[in-house]
1. What angle do you read, to the nearest 10 degrees and between 0 and 90, between the alpha-carbon axis of helix 105-116 and the longest principal axis of the chain?
2. Let me make sure I get this right: for the stretch 40-101, a, b and c are the square roots of the gyration tensor eigenvalues over alpha carbons, sorted descending. Under 1.5 in a/c it's rounded, otherwise prolate if a/b > b/c, else oblate. Which is it?
3. Rank by packing, highest mean first: peptides 68-75, 266-273, with packing defined as the count of other Cβ atoms within 10 Å averaged across residues.
4. Whole-Hz ³J(HN,Hα) for each residue in the stretch 75-87, computed from phi via Karplus 6.51 cos²θ - 1.76 cosθ + 1.60 with θ = phi - 60°, x for glycine and proline: what do you get?
5. Can you tell me the 0 to 90 degree angle between the C-alpha axis of helix 203-213 and the longest principal axis of the chain, rounded to 10?
6. Tell me, Kirkwood radius of the stretch 131-273 from alpha-carbon pair distances, in Å?
7. Using the structure shown, list the pairs from K75/K148; K188/K279; K173/K269; K173/K272; K110/K279; K58/K116 with a Cα-Cα distance above 26 Å, or answer none.
8. Ordered by residue, what ³J(HN,Hα) values in Hz, to whole numbers, does the stretch 36-44 give under the Karplus form 6.51 cos²θ - 1.76 cosθ + 1.60, where θ = phi - 60° and Gly and Pro are x?
Amino acid sequence: MAAGSAMILASPIGSFANLRPTEAWTVGQIMDLFIQAVPGGLIPNTVDTLHAGDRDLKVTGIVTTMFATIEVIRKAVDLQANFIIAHEPTYYTHTGKADWLEDLEIYKYKSELLKKHNIAIWRNHDHIHRHFPDGVKSGVITRLGWEKYFDPSNNQVVVIPEIPLQELIGHIKQRLGIGTLRYMGDLKQPCRKILFNPGFNTGSIVIPVIERERPDVVLGGEFHEWEAPEYVRDMMLSGKKIAMVIMGHADSEEPGSEFMVRWLNENVKGVKVMNVPAKNPLSFR
């Protein structure tokens, strides 16, 4: 089976203690250990599958990242790490199923690179979001320095000390290392209540939350531009005081990979763990 077609779920798991090996960790043991730590355990029909490698591979080192790009794979090889835990898909589809891509040159190149170096990739998307606190949001909050304003049980809203929109944008860029982001709104507008949604947001999900919470700012990673951004624009044109800041998908969720490093260091003893950011693939002029 081609690397991108391997849709291998975690096996049934027992007690947390039983997942700790006496010798080398395997890919499957680390997957199971994290899933065991998530409320409710294994999520049915999850997209969190192995995109390369197998469960029995003994782990020499772990790289966490947003996307398992070719550059990230090469860095993992240099670091002598054979297990990549990525938040997003390896092969350009949400589910990780890539049958329609398998004849393409770039798919074959990436697949063969992974096979050559015997590297396993596990996508950890659904489970890290269901972790309490949400691992991605927790990682972003830590990078932003907003821990004392963040309630993990109501993680869609963050209330910070009042700050003008322009200063808020500068803070986000500086703390998350984002060179350029997009926004709409009055740069002098006071901002206190933030609707906090890194990553991708559909209009059907985020618009009802805007209606309910009435935030000063909608802070997200990525939107369909014809949905929530147009809704916010019409709110502004109708006289409502609201703004929107769009960070980009990769930039907005990469700190979740840093959360994963911390979790692994605490729970997977004896394995070298490194974060290799995938970075935003887009440049701006």
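1. Value to nearest ten degrees: 50.
2. On the way: a/c = 1.94, a/b = 1.32, b/c = 1.48.
It comes out oblate by the Cα gyration axes.
3. On the way: 68-75: 18.6, 266-273: 13.6.
Result, highest mean Cβ count within 10 Å first: 68-75, 266-273.
4. 5, 4, 4, 4, 8, 6, 10, 10, 9, 10, 10, 10, 7
5. 50 degrees
6. On the way: mean 1/r = 0.0641 Å⁻¹.
Evaluated over the stretch 131-273, this radius sits at 15.6 Å.
7. Numbers: K75/K148 35 Å; K188/K279 30 Å; K173/K269 34 Å; K173/K272 30 Å; K110/K279 18 Å; K58/K116 16 Å.
Exceeds cut-off: K75/K148; K188/K279; K173/K269; K173/K272.
8. 4, 7, 8, x, x, x, 4, 8, x
The values are calculated or read from the model by the stated rules, or taken from the named source; none is laboratory data. What you see is a predicted model; the values in this text were computed from it and never measured. Methodologically, a virtual Cβ is constructed for each residue, glycine included, from the backbone with ideal geometry; neighbour enumeration extends over all protein chains shown. Side chains are part of the model used for accessible areas, which takes the heavy atoms of the whole protein and leaves out ligands, DNA and RNA. Shrake-Rupley method; radii C 1.70, N 1.55, O 1.52, S 1.80 Å.
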